[in-house]
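Okay, structure first, notes after.
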Amino acid sequence: MDKFYLTTAIDYVNGKPHIGHAYEKILADVIFRHYTQRIENCYFLTGTDEHGIKIQKTAEGRNITAKELCDENSQSFKSSWKELGIEYSDFIRTTDERHKQTVQKIFKKLVENGDIYKNQYKGLYCSGCESFLNARDLTEEGLCPNHLKKPEEVTEENYFFRLTKYKDAIIEHIKLNPEFILPSFKVNEVLKQLEEIEDISVSRNRNSVSWGIAVPDDNEQVIYVWIDALSNYITALGYDTENPSEKFMKYWPANVQVIGKDILKFHAIYWSAILLALGLELPKTICAHGWITIDNSKMSKSIGNVISPIDILKFFDLENADALRYYMVTSAPFGRDGNYSDVDFKEKVNADLANNIGNLLNRTLNMLVKYFDGEIKSEFIKNDTDIEKAVTETVVKYKKFFDEYQVSEAANVIVDLANTVNKYVAENAPWTLAKEGNMTKCGEVLYNVLEASRKIAILLYPYCPNISKAIFQQLSTDINIKFSDIDKKLFSGKITDKNKIKPVFPRIDSEFATDKKKEKN
Ligand code: MSP
């Protein structure tokens, strides 16, 4: 693999970012950071989806223009991502000129090729979903199953995209490429949806939706959300129907497109068909993650349990987002739903980051100072074969998990490795060795633990970049986070700044957190 291109869904901006949005961006950032450890040319795109009736209506309700609403909320997504350490390469907004112009060219090309045609459309439209619904998808009461609202009956002249033309090609692609849809337990769901597809309406009359990109050569119609939104993955790279940019040629097709399970159909089917119609390659993998619930309930404005990721950082008074990043992406196995609760959060990060990984380093460094004044002589340095074997096995499993985007599973093997090293400390009891005067063995044990901690810092980097860097600093080694540095032996046995030893992740104090919670309520 000589390049890596990763995208996320682009978020609607009719509200502020919540931890569901954050979950996806953190997941993507963890995958991305891991690949930057392995590959030179990596590119990470995220952004905001700003057109459509919902934005129009929210803006009307607040008495501001749609653009003003988008500017305000898009900025709030950007600043949240900064606080969460999401290091994207580009942030696309569907109101960007570069995007709008290319979307019009795409639309035009699809019309010219006969993939888009005009027809009467009569259907049930849900403004919450920004989509026409099939009668069979409604609840028994005739409501939209997602928004529990009655869809509107709409008849209008629309442009249609010939989705059905690509049905067979998409089915074949899915069957020939087992890595196209991950997790693989989602494949059958998509194949079933494919059996039922119809051509889709891709424009709306300007009288019903005005906030959108104009259909080229037709003032009456605006391009309806999905063609507009999905195209961001290529418009951001500088795709052009005539003259695609170098960046596009370098990065497309995407290696992985990270999205939520609710929009898998739009990506695996609609997006694939658009790409086929444009004569472009399909992404290598579409990775559908599960949803995050709050205290086991669906997040919703009406329940009032929508949580901002930044409020969690404030609530626990965290210096950076490492703990939240770690907790969020380990909250569910690959593709399954996860849950956020304050109590679980505190317990999980205290157990894994403070007690297991952090304490291992901290007590060993303190012993290094106590017994060796911070420096193990080179003659005491010998590699323990069991620890080396555990590291090698961990790295193989970890890499395989990341090859399949199994972020939560990869984190578990880091914790397993730290457990193994903690066990090694307990079994060898360096404090007893020191007391008995067996300094050779004592030095050997401390050295092996600290070298293993350096390797753990490399594995932990995608999840907790700040903790990872703090580990390197306390070990007085350069910050070598390249994946290939795991095989090296870069801890010298000596630390230069004995006074800087402190827990890399201080425990979140339970009483403190409980008190703060009381204050909040
Ligand atoms: N704008 C569309 C996506 C267009 S992509 C070309 C959209 N926006 S969204 O704001 O509703 O959702 C953005 C992403 O956040 C989606 O992938 C969605 O699945 C994800 N999530 C929204 N709520 C979520 C949770 N509660 N949990 C996890 N992810 C969730 O859909």
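Points to keep in mind about this one:
- Residues of the stretch 290-303 that are surrounded by 17 or more Cβ atoms within 10 Å (Cβ to Cβ) and either of a type in the set (S, T, N, Q) or farther than 21 Å from Asp352 by Cβ (or both): Trp291, Thr293, Ile294, Met299.
- When restricted to residues that are free of Cβ contacts under 8 Å to residues at least 60 places away in the same chain and not aliphatic (A, V, I, L, M), the stretch 184-195 contains 4.
- Within the stretch 375-401, tally of residues that are more than 29 Å from Pro462 (Cα to Cα) and outside any helix (DSSP H, G or I): 5
- Of the candidates Tyr251, Tyr239, Tyr270, Tyr224, the single residue that is in the same structural domain as Asp199 (by TED's automatic domain parsing), among the hydroxyl-bearing types (Ser, Thr, Tyr) and closer than 20 Å to Lys25 by Cβ is Tyr251.
Here's the yes/no breakdown for (1) at pLDDT 95 or above; (2) surrounded by fewer than 23 Cβ atoms within 10 Å (Cβ to Cβ):
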site	(1), (2)
Asp2	no, yes
Thr7	yes, no
Asp29	yes, no
Leu45	yes, no
Gly52	no, no
Glu72	yes, yes
Ser76	yes, yes
Gly85	yes, yes
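- Each residue in the stretch 413-463 was checked for being closer than 30 Å to Asp322 by Cα and either buried (at least 16 other Cβ atoms within 10 Å of the Cβ) or of a type in the set (Asp, Glu) (or both), and 30 of them qualify.
- Residue that is nearest to Gly290 (Cα to Cα), among those in the stretch 171-194 that are exposed (fewer than 13 other Cβ atoms within 10 Å of the Cβ) and basic (Lys, Arg): Lys192
Conditions tested, residue by residue: (1) in contact (Cβ under 8 Å) with a residue 12 or more places away in the chain; (2) buried (at least 19 other Cβ atoms within 10 Å of the Cβ); (3) not assigned by TED's automatic domain parsing to the domain that holds Lys149.
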site	(1), (2), (3)
Ile274	yes, yes, no
Pro283	yes, yes, no
Asn305	no, no, yes
Ile310	yes, yes, yes
Ala323	yes, yes, yes
Arg336	yes, no, yes
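- Considering the stretch 1-42, and only residues there that are of a type in the set (A, V, I, L, M) and over 20 Å from Met328 (Cβ atoms), the residue that is nearest to the ligand (Cβ to nearest atom) turns out to be Val13.
- With respect to the conditions (1) of a type outside the set (Asp, Glu); (2) modelled with pLDDT of 95 or more; (3) out of contact with any strand residue (DSSP E or B) (no Cβ under 7 Å at 6 or more places or on another chain), Ala268 falls short on a single one, namely (3).
- Residues within the stretch 213-241 that are more than 27 Å from the chain's Cα centre (by Cα) and within 16 Å of the ligand (Cβ to nearest atom), tallied: 2
The values are calculated or read from the model by the stated rules, or taken from the named source; none is laboratory data. Values in this document were obtained by computation on a predicted structure and should not be read as measured data. Here Cβ is always computed from backbone atoms with ideal geometry, including for glycine, and neighbour counts include all displayed protein chains.
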